[in-house]
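Remarks on the structure that follows.
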Amino acid sequence: MKRVLLVIWLVVIFNSVFSQTLTPRQLFPGLFEAVQLSGIFPDNKTFVDAIPMRDPATIMKDYTSMGTTTGFDLKQFIIANFTMPGAHNDSFKSNVAAGIRDHIDTLWTVLYRKPDSVTQYSSLLQLPAGYVVPGGRFREMYYWDSYFTMLGLQESHKTEILQNMVTDFAYLIDKYGFIPNGMRTYYLTRSQPPFFSMMIDLLANDKGSKVLIKYQSELLKEYAFWMKGNKNLTIGQASDNVVLMPGGEVLNRYWDGSDKPREESYKKDVDAAKLSQQKPEEFYRNVRAAAESGWDFSSRWFSNPNDLGTIQTTDIIPVDLNCLIYHLELSIARSYRLQGDMHNYNSYLNKANSRKKAILKYCWNEKEGWFMDYNWKLNRTSPVKTLAGVFPLEFNIADKKQADKVALGLKLNFLKPGGLITTLSKTGQQWDSPNAWAPLQYIAIDGLSKYHHTVLAQSIAERWISTNTRVFEQTGKLMEKYNVIDTEAKAGGGEYALQDGFGWTNGVLLNLMDHYPSPLHIKIE
């Protein structure tokens, strides 16, 4: 009898633990597809964020017996069996008269989440410490968003929250081997731009350089994730996130471990795949890889700038991704130097220096005067100029002449009345013109300042601050993205409605207002 009870107990424990990483599609096969393809919820993210009220097996048993009966109402069945998610900041109304700084300070509270226990079978991942979410439909913590949110948290002297979020990310690396795109089970096949080492730099500003030693293990594990498969490659071959380049260098690309439609955008992916000449699994992989980049979507990833069906993300060596991994390598090197381990210090410093040379070799286009992505399948520079070209300035990879040319290109081509456009193409995709995004404004401004292009950096900062402030005074909100060409129009494109909140906008804006406090008397030419 004791043995039977033990077996039952082990089965219960196994199912409980295993269910923590099962996605809605895995928990509700058939029902998931029916809901997502039916359009009963305009946003596919609604159902995957819903919480089952009963055991999934029981729900599936009822669906199997009832789903084919006359008069069956799918939406009512879902509402009766699932708790629908809500945007936590929907009810928040700002006091515009109190000013934009007061608004941001209040939003830290509105967007903050305690590390409450996660309901069994929820897609939400459990975290050990409190964190700040972006806002709107983004009800969970996201990877690269959080770095730019942290910029504002640091300006607000909220070091404890910043520390808690670093604790969460370190926990994720230890538990899963990497930091997921977002804190949901359906994001566990991919990461996002690797800003963890940059977060450690922020924390070190408040707590000292020894935090590099404290999080050395997690830095190494994240590096191992991005470099997985780099052994035994032949020239022109790729594996996971790594590619062996023509000169024998190893560089990185975006990649997702799944070749199925994204669960949070299931219908859109299925419908789009039908219009693509690619095999469905190839198309889905490229779409997912673009989601890992955070630039979902942009003509940056398309062979035909106006056709999502030509997406080729996995063929691209992104300049910004490789700059971030360069910083990760330097951070690991620094952590060893602080320990007096000069052997490993030199090893990772050499890796960083080799990557820097490779970035300059493959991504600098002298004719265009711009840092660009590289298509490793075609062995040529991508023809698409994007704001990712400023990342080599942020990480001091560019030489002075290159930085001067990038600065000129920004001024002539990217700088608009409200800030910097993301690309030069207007395609209807949200990571293209006329849209602008806070993280890219910050990287450009900070990168320019490192090469003493202070006047241009000031101009971009003031235009961006002005854009944010004007919309806030009109609406009482800060937005996920902005139209910087027609500053009276809303930003558009994308797979969902324009979101407000918004974590990274708040963080970058507060940082810029503190570093560029001059009056906003901007002459727009």
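Under the rule of -39500 (n - 2.57) per DSSP H run of 4 or more residues, summed and divided by the residues of the chain, what mean residue ellipticity at 222 nm is obtained, to the nearest 500 deg cm²/dmol? Working shown, then result.
Numbers: 21 runs with 251 residues, N = 525.
Value at 222 nm, helices only, nearest 500: -15000 deg cm²/dmol.
For K221, go through the lysines and keep the ones whose alpha-carbon is under 20 Å away, minus same-chain ones fewer than eight residues off.
Straight-distance partners of K221: K175, K210, K231, K351.
What full-extension length gain, to one decimal in nm, is calculated for A57 and D486 as 0.36 nm per residue of separation minus the Cα-Cα distance?
Values: separation 429, 0.36 × 429 = 154.44 nm, distance 5.17 nm.
Using 0.36 nm per residue and subtracting the Cα-Cα distance, I get 149.3 nm.
Pick out, from A57, H515, G369, the residue whose Cα sits farthest towards the positive end of the charge dipole of the chain, with +1 on the Cβ of Lys and Arg and -1 on the Cβ of Asp and Glu.
G369
What's the FRET efficiency of L378 with E249 using the Cβ-Cβ distance as r and R₀ = 22 Å, to the nearest 0.05?
Working: r = 17 Å, r/R0 = 0.77.
Computed FRET efficiency for L378 and E249 comes out at 0.80.
Report, to the nearest whole %, how much of the accessible area of the chain belongs to carbon and sulfur atoms, 1.4 Å probe, protein only. Write down the numbers at each step before the final one.
Numbers: 11420 of 21770 Å².
Carbon with sulfur: 52 percent of the solvent-accessible area.
Setting aside same-chain residues fewer than 8 positions from K279, which aspartates and glutamates have a Cα under 12 Å from its Cα?
Straight-distance partners of K279: D259.
Which of K93/K481; K267/K361; K401/K426 have a Cα-Cα distance over 31 Å? Mind showing how you got there, number by number?
Details: K93/K481 19 Å; K267/K361 40 Å; K401/K426 29 Å.
Over 31 Å apart, Cα to Cα: K267/K361.
Along the positive direction of the dipole of the chain (beta-carbon charges: Lys, Arg +1; Asp, Glu -1; about the Cα centre), which of G248, W108, N205 reaches farthest?
Of G248, W108, N205, it is G248.
Using a cut-off of 10 Å between beta-carbons, work out the net charge of the residues near S347 (Lys and Arg +1, Asp and Glu -1, S347 not included).
-1
Once a ≥ b ≥ c are taken as the square roots of the eigenvalues of the Cα gyration tensor of segment 435-516, is the result rounded (a/c under 1.5), prolate (a/b larger than b/c) or oblate (a/b not larger than b/c)? Can you show the working numbers first?
Details: a/c = 1.90, a/b = 1.76, b/c = 1.08.
Because a/c hits 1.5 or more and a/b exceeds b/c, segment 435-516 counts as prolate.
Counting only C-alpha contacts under 8 Å and six or more residues apart, can you give the relative contact order of the chain as a whole percent?
Details: 907 pairs, mean separation 69.7, N = 525.
It rounds to 13 percent for the chain.
Going out from 0 in 10 Å bins, what whole percent of all Cα-Cα distances in segment 413-458 drops into each bin?
With a bin width of 10 Å, the distribution comes to 28, 51, 18, 2.
What nm distance separates the two modelled labels at N396 and N413, each placed 7 Å from Cα along Cα→Cβ?
The answer from the label model is 2.7 nm.
Starting from 0.36 nm per residue, how many nanometres of slack lie between K426 and N344 once their C-alpha separation is accounted for? Working shown, then result.
Details: separation 82, 0.36 × 82 = 29.52 nm, distance 4.65 nm.
My answer for the length gained is 24.9 nm.
Once fully extended, how much extra length lies between K361 and Q26, figured as 0.36 nm per residue of separation less the alpha-carbon to alpha-carbon distance?
Working: separation 335, 0.36 × 335 = 120.60 nm, distance 4.38 nm.
Length difference between fully extended and current span is 116.2 nm.
Cross-link candidates for K214: which aspartates and glutamates have Cα within less than 19 Å, leaving aside residues fewer than 8 places away along the same chain?
Partners found: E160, D168, D174, D201, D206, E222, E329, D341.
Show me, for segment 366-383, the HN-Hα J-couplings you get by feeding each phi into the Karplus relation (A = 6.51, B = -1.76, C = 1.60, θ = phi - 60°), rounded to Hz, glycine and proline as x.
Once θ is set to phi - 60°, the couplings for segment 366-383 become 4, 4, 7, x, 8, 7, 10, 5, 10, 8, 6, 6, 9, 6, 7, 5, 5, x Hz.
If each of S209 and T159 carries a label point 7 Å out from its Cα toward its Cβ, how far apart are those two points in nm?
Label-label distance for S209 and T159, simple model: 1.8 nm.
For the chain, what does the alpha-carbon gyration tensor say about shape, rounded, prolate or oblate, given a ≥ b ≥ c as the root eigenvalues, a/c under 1.5 as rounded, and a/b over b/c as prolate? Working shown, then result.
Values: a/c = 1.45, a/b = 1.30, b/c = 1.11.
Rounded shape, in that the Cα axes give a/c under 1.5.
With θ taken as phi - 60° and the coefficients 6.51, -1.76 and 1.60, list the Karplus ³J(HN,Hα) couplings across segment 242-256 in order, rounded to whole Hz; mark glycine and proline as x.
Each residue of segment 242-256 in turn: 10, 9, 8, 6, x, x, x, 7, 9, 10, 10, 9, 8, 7, 10 Hz.
How do 111-120, 432-441, 220-229, 298-307 rank on mean C-beta neighbours within 10 Å, highest first? Mind dumping the intermediate values first?
Values: 111-120: 13.0, 432-441: 24.4, 220-229: 18.0, 298-307: 20.8.
The most tightly packed comes first, giving 432-441, 298-307, 220-229, 111-120.
Taking only protein heavy atoms and a 1.4 Å probe, what accessible area per residue, in Å², does segment 317-417 have with all protein chains in place?
Working: 4230 Å² over 101 residues.
That works out to 42 Å² per residue.
Would you pull out the residues with amide H under 5 Å of W364's amide H, same chain only if 5 or more places away, H placed 1.01 Å from N?
Amide H to amide H, under 5 Å and 5 or more residues apart or across chains, W364 pairs with M372.
In what order, largest first, do V110, V508 sit by accessible area if the probe radius is 1.4 Å?
On the way: V110 35, V508 0 Å².
So the residues, ranked largest to smallest area, are V110, V508.
Which value, in Å² rounded to 10, gives the accessible area of H453 with a 1.4 Å probe and all protein chains present?
40
Can you list residues whose amide H is under 5 Å from I317's amide H, if they're 5+ apart or on another chain and H is modeled 1.01 Å from N?
Y374, N375, W376
Rounded, prolate or oblate: which one fits segment 162-301, using the alpha carbon gyration tensor with axes a ≥ b ≥ c (rounded when a/c is under 1.5, else prolate when a/b beats b/c, else oblate)?
On the way: a/c = 2.46, a/b = 1.49, b/c = 1.65.
Taking the square roots of the gyration eigenvalues as a ≥ b ≥ c, segment 162-301 is oblate.
Starting from the Cα of A97, step 7 Å along the direction of its Cβ; do the same at Y112; then give the gap between the two resulting points in nm.
Result: 2.7 nm between the two label points.
Accessible area of L510, 1.4 Å probe, to the nearest 10 Å²?
10
Rounded to the nearest 20 debye, what is the charge dipole size of the chain about its Cα centre when +1 sits on each Lys and Arg Cβ and -1 on each Asp and Glu Cβ? Mind showing how you got there, number by number?
Details: 57 positive and 54 negative charges, 182 e Å.
It comes to approximately 880 debye.
The values are calculated or read from the model by the stated rules, or taken from the named source; none is laboratory data. Because the structure is a prediction, the values reported are computed rather than measured. Cβ atoms come from the backbone with ideal geometry, glycine included; neighbour counts cover every protein chain shown. Calculation scope for accessible area: heavy atoms of the full protein, side chains included, ligands and nucleic acids excluded. Shrake-Rupley method; radii C 1.70, N 1.55, O 1.52, S 1.80 Å.
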